[in-house]
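Inspection log for the structure reproduced underneath, given as structure tokens.
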Amino acid sequence: MDILSIVGIIVSFVAILGGNYLEGGHIDSLMQLTAFIIVAGGSLGAIMLQTSMYTFIQSMKMTLWIIFTPKVQAAQAIEKIVGWSNTARKEGLLGLEDVAENETDQFAKKGLQLLVDGGEPNSIRHVMEVELDTREHSELQSAKVFEGMGGYTPTIGIIGAVMGLIHVMNNLADPSKLGSGIAVAFVATIYGVGLANLFLLPIANKLKSIIHTRSKYSEMIIEGIVSIAEGENPRNIETKLRGYVH
């Protein structure tokens, strides 16, 4: 669980609501259902128009990564790769057949199967890099869903503000209806800018960081398996892969 993300969300709420309270404001003044519907609904509709169904669904699933970040255990993976290298030197590449069948990491399992099947190092690298590039591209497109929404919400917040002002202008003769229109106008702007800068854009950047870490981990797996295919010394392989660990 990513505690920093949880703390960040809490700090954002406390800072905004606390600042509003210190200025003598009330939370009720920031609670406008109409403004929320305009900003949230408009932004969601716009991003649905921009995005494919698969990417949109994947982005919603990836939201959980903000709290439950996929674990990347590079040090343990290096130990496994060195073990695979020792097995290959003692028993040959066919000695990794059982290891491949029992491997839980599907990406590493595919590389081991290519290794056992006698694939050439360059061929193994090419196949695995294509899969990595495809996965990385798909995940980045999903992260850009939040980036796109972060770009739309401030503008749609302005649309909400203009709509509120139009409502005010249409009811100048009736002062009792002016308050709600003015509230929607200003709160819609707050919702648009707040959602973008406190949540959507940070979520997009956090997902990109996680995707980058996962890709570097997969690159390490590729390098390790290709090194085994090239018959490198296990100690040299370990030294090379340690460079991927921060």
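Using the structure shown, decide if Asn86 is in contact with a Pro (Cβ under 8 Å, 6 or more places away or on another chain) and modelled with pLDDT of 90 or more. Spelling it out, Asn86 is indeed in contact with a Pro (Cβ under 8 Å, 6 or more places away or on another chain) and modelled with pLDDT of 90 or more. Residue-level analysis places Gly148 outside the set of residues that are farther than 30 Å from Met31 by Cβ, assigned by TED's automatic domain parsing to the domain that holds Ser59 and not charged (D, E, K, R).
A quick yes/no check of all residues on (1) modelled with pLDDT under 90; (2) of a type outside the set (Val, Ile, Thr); (3) touching a strand residue (DSSP E or B) at 6+ places or on another chain (Cβ under 6 Å):
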{"position": "Ile57", "(1), (2), (3)": "no, no, no"}
{"position": "Met60", "(1), (2), (3)": "no, yes, no"}
{"position": "Gly92", "(1), (2), (3)": "yes, yes, no"}
{"position": "Lys109", "(1), (2), (3)": "no, yes, no"}
{"position": "Leu115", "(1), (2), (3)": "no, yes, no"}
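Of everything in the stretch 9-38 that is in contact with a helix residue (DSSP H, G or I) (Cβ under 6 Å, 6 or more places away or on another chain) and among the polar types (S, T, N, Q), the residue that is modelled with the highest pLDDT is Ser12. For the residues Gly111, Gly119, Gly160, the requirement of being buried (at least 16 other Cβ atoms within 10 Å of the Cβ) and assigned to a loop (DSSP other than H, G, I, E, B) singles out Gly119. Note down all Cβ pairs under 9 Å where the first residue falls in the stretch 213-241 and is basic (Lys, Arg), the second is not in a helix (DSSP H, G or I), and they're at least six residues apart or on different chains. The qualifying pairs are Arg214/Pro70; Arg214/Val72; Lys216/Val72; Lys216/Tyr244; Lys240/Glu232.
Filtering the stretch 19-32 to residues that are without any contact (Cβ under 8 Å) to a residue 40 or more places away in the chain, surrounded by 11 or more Cβ atoms within 10 Å (Cβ to Cβ) and part of a helix (DSSP H, G or I) leaves Asn20, Tyr21.
Take the stretch 120-160 and flag every residue that is over 30 Å from Leu93 (Cα atoms) and without any contact (Cβ under 8 Å) to a residue 24 or more places away in the chain. Residue satisfying the conditions is His137 alone.
The values are calculated or read from the model by the stated rules, or taken from the named source; none is laboratory data. Note that the coordinates shown come from a computational prediction; the quantities given were computed from them, not determined experimentally. With ideal geometry, Cβ positions are generated from the backbone for all residues, glycine too; neighbour counts draw on all protein chains shown.
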